[in-house]
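Enquirer: Below you'll find the structure I mean.
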Amino acid sequence: MPEPREYGAPPQVTPKRLADYLEVMSKSVMQTGISWTVVEKKWPALREAFLGFDPERLLALSEREVEALLADPRIIRNRTKVNAIFHNAARMLELEQRHGTFRKYLRSKPDYWDRAKMLGKDFKFMGDMGAFHFLYVVKEQVPSYDEWRAVVKPKRAPPTPKAPAGAPRGRGARGAGAALARRTRA
């Protein structure tokens, strides 16, 4: 993988094997909700811990080995994301077998928007940004960032406006969930 840059578009790669695709996808998974600088700092350890992102080697790990991986302080130990990487590895192998190559799978949808939607259905943590990042990095055709943003941003719900100063507040931390818990205990 290329060296990370400080800002701007991420470096692109030409995947030569399925592990290259899984590594790029796994980076998209790990970056969800985490500072990319944290992910970059931990990436060499992640690459080592995940056996170079070789899907077959990963899927051959025992349950005990996976638990040891989750206990490794050098990596991002988010169980949901780690499980997503294993799911995505299995799915990539399936799709490669079905289509001949993973690249053929990606190109089975010529339109970017259909391809991104397909990734979102087939893989975990492949939302709008994850799919855009993944396809860009593996050198598949993507719209310009500005065009992508213009289409994606309107789909998202507008933020909830803040209440004016002095207005009564909602229930907050002791809100609906706490009230429901109290009712079910009674």
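Only the coordinates and a few stated rules stand behind these numbers; no lab work does. Not measured: the values here are computed from a predicted model. Reconstructed Cβ throughout: ideal geometry from the backbone, glycine too, with neighbour counts over all protein chains shown.
Enquirer: Can you give the translational diffusion coefficient of segment 18-155 in µm²/s, computed by Stokes-Einstein from the Kirkwood radius over Cα pairs at 37 °C and 0.692 mPa s? Don't skip to the answer; put the middle values down first.
Expert: Numbers: Rh = 15.5 Å.
Taking Rh from Cα pairs, D becomes 211 µm²/s.
Enquirer: Now, a different point. Give me E96, E56 sorted ascending by neighbouring Cβ count inside 10 Å, so fewest comes first.
Expert: E56, E96
Enquirer: Hey, another quick one. Roughly what would the spin-label model give for K41 and E94, points 7 Å off Cα along C-beta, in nm?
Expert: 3.6
Enquirer: Mind sorting T101, T80, T14 by how few other Cβ atoms lie within 10 Å of their own Cβ, fewest first?
Expert: Fewest-to-most ranking of T101, T80, T14: T14, T80, T101.
Enquirer: How much net charge surrounds L59 when only the other residues with a Cβ under 14 Å from the Cβ of L59 are counted, with Lys and Arg +1 and Asp and Glu -1?
Expert: Surrounding charge for L59 is -4.
Enquirer: Given Cα pairs under 8 Å that are at least 6 residues apart, what percent is the relative contact order of segment 18-155? Don't skip to the end; give the middle numbers.
Expert: Values: 118 pairs, mean separation 39.0, N = 138.
That works out to 28 percent.
Enquirer: If amide H atoms are built 1.01 Å from N in the plane of the peptide, which residues on other chains or at least 5 residues away come under 5 Å of the amide H of K124?
Expert: For K124, whose amide H was placed from the backbone, the distant partners under 5 Å are N88.
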